[in-house]
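In what follows, a structure is listed as structure tokens, so that the remarks can point back to it.
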Amino acid sequence: MNINALTKIVGLIGYPIDYTLSPDMHNAAFKELNLNFVYLPFRVKSEDLPLAINGLSALNIVGVNVTIPHKELVMKYLDDLSEEAGMIGAVNTICVQNGKLRGDNTDGKGFVASLREELKVDPAGKKVFILGAGGAARAIGFSLAKLGVKRMTMTDIEMPKAERLSADIKHHFHGLWLDTVGLNDRKFEENVLDCDILINATPCGMHQDDPLLINPDWFSSNQVVYDIIYNPGQTHLLKAAKEKGCLTQNGLGMLIHQGALSFELWTGEKAPIEVMRQAIVESRK
Ligand code: NAP
């Protein structure tokens, strides 16, 4: 990497960000396309967020990804939002152009791109079940609603959160058939049995002793099971689903595709997806 006065700087703002894979993924892509860009991690605590955001333009930084805990708070410091970011209510990508900051959200679109490209599955017309109603579920839910899924069911350990997300999505997509079910509700099993695509958007599965949220007997071989967790690469949920013959995918696909979409916003170039994937695989060894 040859850094000079013309090098364009992008990066990641969040706290903590100790385990981020994004610098490896983006810097490999810049190298592949011979772009004079560099991607840097910026550890920014909540109290420093306004200063950091105001400094982006002054430092000629071209753009940043935004992660936990700033995705929602950051919106009030931006000049403009994409339709997606405005609907979702969270920003994961900022572009700096002519001193103006525009917020976008590539998480949901990245999830959909992964479904389409890795699994060759088009969510339009499908029945979808989403576990979790946090930030990632919000981005995924809006993107799937926009694509015209047939039905969406969601749950969360805190049901008011699922109900709030459901109401927010319905507010924008009036015709969508959208339900919430409690984890102990009888309809929970019925809806899982009947769905085409089941998505885990909770952190449950990151640890070895986390419970399995779904009874594996409810899976069938015509279902797709997508766990957005990427560490570990195979959660208990994915293992159980695979054993039942489901088509499965871990969160690496979403991570790579959301990153690729940010890359394209900053550089205007088509992202080299396979190079980005390989860089992540190498950095996890
Ligand atoms: P978040 O905002 O904290 O949302 C997670 C939601 O799941 C929360 O509402 C949480 O409730 C709920 N939850 C936790 N345990 C549950 C359980 N056992 N049953 C039902 N609901 C449960 O987190 P996030 O940002 O959406 O991220 C969720 C996961 O996705 C994390 O593991 C993250 O690393 C991963 N992720 C992956 C990608 C990717 O690119 N692959 C992108 C974003 C996130 P409480 O608030 O009560 O705990």
Quiz item: Straight-line reach from Lys146: which lysines have Cα under 19 Å away, leaving out those fewer than 8 places along the same chain?
Solution: Lys109, Lys120, Lys126, Lys127, Lys170
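Calculate what fraction, in whole %, of the accessible area of segment 108-250 sits on carbon and sulfur atoms when a 1.4 Å probe is rolled over the protein chains.
50
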Quiz prompt | Residue-normalised accessible area of segment 219-275, expressed per residue, 1.4 Å probe, Å² | solution = 40
Quiz item: In whole percent, what relative contact order does segment 108-250 give with Cα contacts below 8 Å and a gap of six or more residues?
Solution: 21
Quiz item: When only C-alpha pairs under 8 Å and at least 6 residues apart count, what is the relative contact order of segment 1-101, in percent?
Solution: 31
Quiz item: Rounded to two decimals, what ratio of Rg to Rh does the chain give with C-alpha atoms and a Kirkwood Rh?
Solution: 0.97
Quiz item: Which value, in nm² and rounded to one decimal, describes the direction-averaged projected area of the C-alpha convex hull of segment 108-250?
Solution: 7.6
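Normalised by the residues of the chain, what does the relative contact order come to in percent, with Cα pairs under 8 Å and at least six apart? Numbers along the way, then the final one.
Numbers: 538 pairs, mean separation 48.6, N = 285.
Computed over the chain, the figure is 17 percent.
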Quiz item: How much FRET efficiency would the formula 1/(1 + (r/R0)^6) give for Lys170 and Glu282, where r is the Cβ-Cβ distance and R0 is 45 Å, rounded to 0.05?
Solution: 0.55
Quiz item: Could you name the lysines in cross-link range of Lys45, using Cα to Cα under 21 Å and dropping any fewer than eight places away on the same chain?
Solution: Lys71, Lys76
Exercise. Would you compute, for the Cα atoms of segment 1-154, the largest minus smallest coordinate along each principal axis and list the three values in descending order, in whole Å?
Key: 51, 35, 30
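The values are calculated or read from the model by the stated rules, or taken from the named source; none is laboratory data. Quick caveat: nothing in here was measured; it's all calculated off a predicted structure. Please note: Cβ atoms are built from the backbone with ideal geometry, for glycine as well, and neighbour counts cover all protein chains shown. Remember, those area values only see protein heavy atoms, side chains included, never the ligands or the DNA or RNA. Shrake-Rupley method; radii C 1.70, N 1.55, O 1.52, S 1.80 Å.
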